[in-house]
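A short write-up of the structure that comes next.
The values are calculated or read from the model by the stated rules, or taken from the named source; none is laboratory data. Note that the coordinates shown come from a computational prediction; the quantities given were computed from them, not determined experimentally. Here the Cβ positions follow ideal geometry from the backbone for every residue, glycine too, while neighbour counts run over all protein chains shown.
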């Protein structure tokens, strides 16, 4: 193996290991890898930064804005709420939820789509006494399967299309991937309804656990008339740094202060709501100047201008890897965290000392502005308001629907490129005042865009160094005895394993040059092999970290890691076999 190939292999292994460890943002890891290969002269400047001039990242950015327009106007939320309607039989409810979601996912990027739908599904489950865990993971799986139907369904399809264009080929058409995605979708939905959904256990959602366990970590205390705390600030009264408990809210004469600042003054009759471990909370009853108020349910902590929310921490959230104290969470977001849930369980340690991880769900109290400000930001993957009313479409939802339909028609007929159509649709959202320019900027996940752009350099190094050809030769030799089906299945399996442990876009970029190198010896059209790579990288069912929609439902659904293996394994096997069989038949 030549020196450049060895260097690329070493950087690639180190990059994948760092991504698996999940200690640093994926975008930063991939960018650092690309810059390392540039400095090592494995790739030149043009190859390293080719992704920043490629249509794929810009197209994905524009589609984030389009999806945000659909979210703001209730274009999808309101019809979905009506479709779900009355509970009925579980199978009927699943069909009403999953089939429209899959269809919409074919036309809108499935990641923002799932973020739009999750809060409404949770609200519907609460209104109808249904277990949210029975619906959220199937929702993610259906959105993933729907994303395989068109070029627009997932950013991975757009990335592979950009890689094809970068290599001198024509970009993928809007419905070109349907020749593989169609069979995958049909087989996948049959397996989802027939095998995967019945295998999903009932789990308590984070909101349900918070409600059930309220007495274990919430207590309200009243400041007595003879208390030495009267007139003193929260910090002066010694209520700022309590052991295992913290002051979440203060109520005074019908007015609510939440979160409570260290300089807020206390007065006789103030009702103080403390959150923490049960033993520490009970110790408050022995504190001079405070008397116990009857324990309340968590929902009483919300006043007329405050609400309860669930939020999900993502890999690229600025608070991931930090404790609430280090992130200065209350000051930063104007919200007090009531509970942290991880792997389906509430964490009982002192909240301020918990180091937040990817997939953690926080139950918090915040003002009405919280949802508007952070729903479309990169701060959280999901922002769900508890006990929210049923969504209603606004007057501009029809306009947004026409814009999206027009974009799809223009791109599908070739009158506009996908990038041109996406930019035109995004511009229309701002021009029609569906959202402001600032709101459009906030709706774009810049970390995802940076990851995609930086990953192009990584893929270029795999190809330019000769590593792709060497891996392809070994791969072809190993699977040659199984024919074309065996070679394609081996590639699909390798892509699936990689996407489960890193990210879908990174997996696609790394595998793409290997897939193209394998195509010739295997007797497969390179475009078919590229599409197989894109779909395999997008269809992650086995872990909560392989695909962002799986991470989104992880905490709100109260799932455990094993739930993904149990429900996703039959689906993953079926999809891999279908991809390999379809490519073989069409070759």
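The condition (being on the phi > 0 side of the Ramachandran plot, crowded, with 24+ Cβ neighbours inside 10 Å, in contact with a helix residue (DSSP H, G or I) (Cβ under 7 Å, 6 or more places away or on another chain) and modelled with pLDDT under 85) is satisfied by just one residue among 546, 558: 558.
If we scan region 378-399, do we find a residue that is without any contact (Cβ under 8 Å) to a residue 40 or more places away in the chain and within 30 Å of residue 170 (Cβ to Cβ)? No, region 378-399 has no match at all. Count of region 317-329 residues, restricted to those that are touching a strand residue (DSSP E or B) at 6+ places or on another chain (Cβ under 8 Å) and either buried (at least 21 other Cβ atoms within 10 Å of the Cβ) or under 21 Å from residue 27 (Cα atoms) (or both), is 4.
Looking only at residues in region 484-505 that are farther than 19 Å from residue 527 by Cα and in contact (Cβ under 8 Å) with a residue 24 or more places away in the chain, the one that is nearest to the chain's Cα centre (by Cα) is 503.
Going through (1) in a helix (DSSP H, G or I); (2) in contact with a helix residue (DSSP H, G or I) (Cβ under 6 Å, 6 or more places away or on another chain); (3) at pLDDT below 80; (4) more than 28 Å from residue 179 (Cα to Cα) one by one, residue 75 falls short only on (1). Within region 348-356, does at least one residue satisfy the condition of being modelled with pLDDT of 85 or more and within 30 Å of residue 245 (Cα to Cα)? For region 348-356, residues modelled with pLDDT of 85 or more and within 30 Å of residue 245 (Cα to Cα): present.
When 411, 428 are checked against the criterion of being surrounded by 15 or more Cβ atoms within 10 Å (Cβ to Cβ), under 20 Å from residue 153 (Cβ atoms) and modelled with pLDDT of 80 or more, a single residue qualifies: 411. Restricting region 280-316 to residues that are surrounded by fewer than 19 Cβ atoms within 10 Å (Cβ to Cβ) and out of contact with any strand residue (DSSP E or B) (no Cβ under 9 Å at 6 or more places or on another chain) leaves a set whose member that is modelled with the highest pLDDT is 288.
No other residue among 532, 478, 515, 537 is in a helix (DSSP H, G or I) and out of contact with any helix residue (DSSP H, G or I) (no Cβ under 6 Å at 6 or more places or on another chain) apart from 478. If you go through region 151-171 and keep only what is farther than 22 Å from residue 382 by Cα and buried (at least 24 other Cβ atoms within 10 Å of the Cβ), you end up with 151, 157, 158, 159, 160, 161, 162, 163. Note on region 3-33: residues that are part of a helix (DSSP H, G or I) and either crowded, with 18+ Cβ neighbours inside 10 Å or in contact with a strand residue (DSSP E or B) (Cβ under 6 Å, 6 or more places away or on another chain) (or both) total 16. Cβ separations smaller than 7 Å between residues 6+ apart or across chains give the following pairs from region 36-53 residues that are closer than 19 Å to residue 451 by Cα to residues that are exposed (fewer than 15 other Cβ atoms within 10 Å of the Cβ): 38/45.
When you look at residue 130, is it surrounded by fewer than 23 Cβ atoms within 10 Å (Cβ to Cβ), touching a helix residue (DSSP H, G or I) at 6+ places or on another chain (Cβ under 9 Å) and under 21 Å from residue 569 (Cβ atoms), yes or no? Here the answer is no, as residue 130 does not meet what is asked.
Give the residues of region 517-529 that are at pLDDT 90 or above and surrounded by fewer than 24 Cβ atoms within 10 Å (Cβ to Cβ), sorted by residue number. Selection gives 525, 526, 527, 528.
The condition of being closer than 26 Å to residue 152 by Cα, touching a helix residue (DSSP H, G or I) at 6+ places or on another chain (Cβ under 6 Å) and buried (at least 24 other Cβ atoms within 10 Å of the Cβ) holds for only one of 98, 137, 83, that being 137. Does residue 55 count as over 18 Å from residue 462 (Cα atoms), more than 21 Å from the chain's Cα centre (by Cα), buried (at least 18 other Cβ atoms within 10 Å of the Cβ) and at pLDDT below 90? Considered against the rule, which asks whether it is over 18 Å from residue 462 (Cα atoms), more than 21 Å from the chain's Cα centre (by Cα), buried (at least 18 other Cβ atoms within 10 Å of the Cβ) and at pLDDT below 90, residue 55 comes out as yes. Considering region 241-260, and only residues there that are assigned to a loop (DSSP other than H, G, I, E, B) and either in contact with a helix residue (DSSP H, G or I) (Cβ under 8 Å, 6 or more places away or on another chain) or surrounded by 16 or more Cβ atoms within 10 Å (Cβ to Cβ) (or both), the residue that is modelled with the highest pLDDT turns out to be 260.
The condition of being within 20 Å of the chain's Cα centre (by Cα) and modelled with pLDDT of 80 or more holds for residue 360.
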